[in-house]
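The structure under discussion appears below in the form of structure tokens.
The values are calculated or read from the model by the stated rules, or taken from the named source; none is laboratory data. The structure displayed is predicted, hence computed values, not measured ones. We place every Cβ from the backbone using ideal geometry, glycine too, and count neighbours over all the protein chains shown. Side chains are part of the model used for accessible areas, which takes the heavy atoms of the whole protein and leaves out ligands, DNA and RNA. Shrake-Rupley method; radii C 1.70, N 1.55, O 1.52, S 1.80 Å.
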Amino acid sequence: MVFKNSLNANLENKTYKERGSVMKKKRKWPVITLTIVLIIAGIIYFLPHYLNKYQKEGNLQLEGLKEAVTVYRDAKGMAYIYARNLSDAFMAQGFVTAQDRLFQMELTRLFSSGRISELAGEKGKNIDIRMRTIGFYRNAKKHAKILSPETRLFFQKYADGVNAYIKTRKKTHHLKFKLAGIKPGPWTIEDSLTIMYYMGWDSAGNIRAEIISQMLVDRLGIEKAKEIFPITKNPDDDPLERVESRTMNPDPDTLHLSGDKKIMSFLEQGALRVGSNNWAVGPGLSPGGKPIVANDPHLDSRILPGPWYPCGLILPHLRAIGVNIPGIPGMVVGRTDHFAMGVTNAYGDAQDLFIETLDPKDSNMYMEGENSFPFEVIEETLKIKDKDAPGGFSKEKIRIRLTRRGPVVSGILPGLKTKKVMTLRWVPFETMGPYIGLEKLLSARSVEEIREALSHVNVIMLNFVFADTKGNIGWHVSSRLPIRSQSDGALPQVVKDSRDHWSGWIPWDEMPHRYNPEKGWVGTCNHMIVGSDYPYYYSSRVSSSYRYQRLKQLMNVPGKKPADAQWRFQQDTLNLMAKKTAPLMVNALMAHEDTKEMARILSNWDYRDDPDKVAPTIFQSVYREFAWLVFKDELGEDLAKSMLDQWTYWQERLEKMVLEGSSPWFDNTETGDVKETRDTLFHQAALEAAKEVGSRLGDDLAKWQWGKLHQIEFVSPVRRKGSGKGLIGGGSHPFPGSSETLCRGYYDFNSPYNVKISASLRMVADLGDEDKVLAVLPGGVSGRIFDPHTKDQIEAFVRGDKMYWWFSDKAIKGHATSTLTLTP
């Protein structure tokens, strides 16, 4: 107001001409502001269209096609490919995937093949060394040479489609390539196989659990370490827990693994972590009389547009709608006109670590008993981005040593008498075959044919849940597991002679499976899926059983289970672990004046981890601090952090201690004559949690809503931090659930509470619905920067809203927003 009055006074002292000039200047400001707003609005509207100007309509010639292919896209940007033959369908799938996800494919290829330092420079070197040591690309090259003609065509036509896009559409390549300073290279069969091996790595192993177990033995000795080894109980088994490993080496070596950087790198945060829920209900539980399959694979989905690429493949003899990892042809989750299927991590132990003794006379040799063998040595060259080097890259040679079991993955470990190294053995590298299995799945017409196709899926170990239109349901674990002759895989195995520790393979018919059970449904949630009577060692590392226990509760409620209800099941937030342990926490906190308010809030909780509730924040923060207090004194800070960051390793073990009420682990060894109890630690943990959470949200407990801490942030791969992150990212969102709920919201123990692992897809496929499949992604279809389809599904995903993949011709064409014809 002062400024306005001053302006009017100045105008009164000026001539008419001068006053007019001033008024014109005054009037120009709104015009200039409006102009700037319009320019910005124009940039926001037109820039995405300009940067993402790739052909979605009209006609486009594609060399290599046999016949014309039509590609419809819906309002989400999802492609539905109509082809007359399979080779054209796979080529078109490769082409449209490259249109939408080429940059993501390139990043995955660089990472999995050990070439990420070409993009990231020196920061990526250790990752490259680890990836090349494991040997995904090295073994993919071997595998490609033995593929059957049918399987080779499956991969090659897909690669041809990718390469047709790279070669002919250079002007429409993703902007991200320019921002990252890289160019896409030709796509090969080996690239697709490498990505498959990479995705299979964490689906079939317990290498991190083996490392943690050995580190516990190093520090505590075997008997004390066994007190906190994982509990692996099958929730469908009898109440007697199958806790201890049956044939564990009773006298393992002390190896001091914590001092070896190479081994410790396998515990790094960047490791791929996977989980999932899937289930199928039979005709008796389905209102429409046809089976329903539900699946929500759990992955790190924060990097836009998400890990899965959705697509439809429609041929005269085949109709398939679903997803796969960009870079891999076919479909791994979805439905066809004959069946539907979903996957979870099976956690079968297909990885073993071996302790090898160096020949004391020659460090280039290793011992098997009295016999000495030379290491196989492979030399590879890293290409590292370096602006100061000629051509912008420096080169560094690395040497990879292998024994008859696999590559050396450690430095030299100081043994008791001789120097030792550790090697890694992984099943898929030893079970290569001419078929991959995915190429056979698409054409399956029944549960029996699905099972036959899965018998060839050796690269990745998954629980495949499936149902066919005839009313059959089932699940089966893919890949192979070794029969171990000397001890199980819970700890690294000492090589003492030339006998093969893997004496054979569990027969396919004896791999875990189930078909048409009397209860009318099947399901898996990464839990222990074999009972105590299973004749073979299966795994020492599985996920906690809380999610499967909750699924059983939901399925056992009388009545039909329509698709809408199963969509809600995927978003269920009831925490069964909290339901058992929180009342004990309440009693402990109620006994102290300074934690009574926390106890009061917990006592009124319905045990649902919902974003608008305060109780989940209190429970999660207190229980986390409690776990730290239980283990830190005996293990030391570093080992405690390493173990606690592997939630599934200790979670059910600690719950057992809490429910029993007493354990020597509750007493703090650092406090001398004072003896702490469970309730002592709960109180101490609550005070620590109050400080930690209070520093973020303030001291008023009423403002401690779970969603303020427990958030998921979606970011672009080219700008994960700093200014501009929000412009091209998807923002932060309060997120329901926790690690213990069906609605998974996993956070790192050492970096609470932001979500790291969540559903990477929600899908419910009702085989009685001929028009659509319920499905939503935590991002979008397109990986192009500024493309609206990069993040247009985020809000629906976070809120739990329904979205659809279209299945019938009528639904696909009725919802089409563009039509592209690919011609030979």
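Values computed for the structure shown
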quantity: Pairs from K66/K170; K76/K708; K183/K725; K440/K561; K176/K385 whose Cα-Cα separation, in the structure shown, is over 25 Å; calculated: K76/K708; K440/K561
quantity: Largest-first ellipsoid semi-axes for the chain, taking √(5λ) over the Cα gyration tensor eigenvalues, angstrom; calculated: 43, 37, 30
quantity: Set of lysines with alpha-carbon distance to K226 below 21 Å, sequence-local pairs under 8 removed; calculated: K632, K641, K656
quantity: Measure of compaction for the stretch 635-735 (Cα Rg per 2.2 N^0.38 Å); calculated: 1.49
quantity: Mean accessible surface per residue for the chain, computed with a 1.4 Å probe while every protein chain stays in place, in Å²; calculated: 41 Å²
quantity: Value at 222 nm in deg cm²/dmol, rounded to 500, when DSSP H runs of n ≥ 4 in the chain each add -39,500 (n - 2.57); calculated: -11000 deg cm²/dmol
quantity: Under 13 Å from K397, Cα to Cα: aspartates and glutamates that are on another chain or at least 8 residues apart; calculated: D128, E379, E380
quantity: For the chain, with +1 on Lys and Arg beta carbons and -1 on Asp and Glu, the positive-most of G698, S113, Q793 along the dipole; calculated: Q793
quantity: Top positive-direction residue, dipole computed over the chain with Cβ charges, set F569, A591, S87; calculated: S87
quantity: Coil-residue GluC sites (Glu not before Pro) of the stretch 596-697, DSSP, other Cβ within 10 Å capped at 11; calculated: E670
quantity: Where trypsin sites (Lys or Arg not before Pro) fall in DSSP loop in the stretch 672-762, at most 15 other Cβ within 10 Å; calculated: K675, R720, K721
quantity: Residue-count net charge about M577 - beta-carbon cut-off 13 Å; Lys, Arg +1, Asp, Glu -1; calculated: +4
quantity: Amide H within-cut-off set for N234, under 5 Å, with H built and near neighbours excluded; calculated: R242
quantity: Net charge dipole size for the stretch 512-583 [Lys, Arg +1 and Asp, Glu -1 on Cβ; Debye, nearest 20]; calculated: 180 debye
quantity: Solvent-accessible area, 1.4 Å probe, carbon plus sulfur percent, for the chain; calculated: 53 percent
quantity: Average Cα contact separation per residue, the chain, under 8 Å, 6 or more apart, as relative contact order %; calculated: 19 percent
quantity: Average silhouette area of the stretch 625-681, convex hull of alpha-carbon atoms, in square nanometres; calculated: 3.7 nm²
quantity: At q = 0.18, 0.24 Å⁻¹, base-10 log of I(q)/I(0) for the stretch 158-227 (Debye sum, equal scatterers on each alpha carbon); calculated: -0.81, -1.04
quantity: Estimated D of the stretch 763-824 in µm² per second, where Rh is the Kirkwood radius over Cα pairs and Stokes-Einstein applies at 20 °C, 1.002 mPa s; calculated: 161 µm²/s
quantity: The stretch 64-145: Cα Rg divided by the 2.2 N^0.38 Å rule of thumb; calculated: 1.47
quantity: Whole-Hz ³J(HN,Hα) from phi, Karplus 6.51 cos²θ - 1.76 cosθ + 1.60, for the stretch 389-402, glycine and proline x; calculated: 8, x, x, x, 9, 9, 10, 9, 8, 10, 10, 10, 9, 10
quantity: Reciprocal of mean inverse Cα separation for the stretch 532-646 (Kirkwood radius, Å); calculated: 17.1 Å
quantity: About the Cα centre, charge dipole magnitude for the stretch 718-824 (Lys/Arg +1, Asp/Glu -1 at Cβ), debye; calculated: 560 debye
quantity: Estimated FRET transfer efficiency (T817, A389; beta-carbon r; R0 41 Å; 0.05); calculated: 0.30
quantity: Pairwise Cα inverse-distance average, inverted: Kirkwood Rh of the stretch 372-464 (Å); calculated: 17.6 Å
quantity: Whole-Hz ³J(HN,Hα) from phi, Karplus 6.51 cos²θ - 1.76 cosθ + 1.60, for the stretch 297-314, glycine and proline x; calculated: x, 9, 9, 6, 10, 6, 8, 5, x, x, x, 9, 10, x, 6, x, 10, 10
quantity: Amide H partners (placed H, <5 Å) of V333, local residues excluded; calculated: V323
quantity: Relative counts (whole %) of C-alpha pair distances in the stretch 409-545, using bins that are 10 Å wide; calculated: 10, 33, 31, 17, 6, 2, 0
quantity: Top positive-direction residue, dipole computed over the stretch 315-470 with Cβ charges, set S410, V427, T336; calculated: S410
quantity: Debye, to nearest 20: dipole size of the chain, +1 on Lys, Arg Cβ, -1 on Asp, Glu Cβ; calculated: 4280 debye
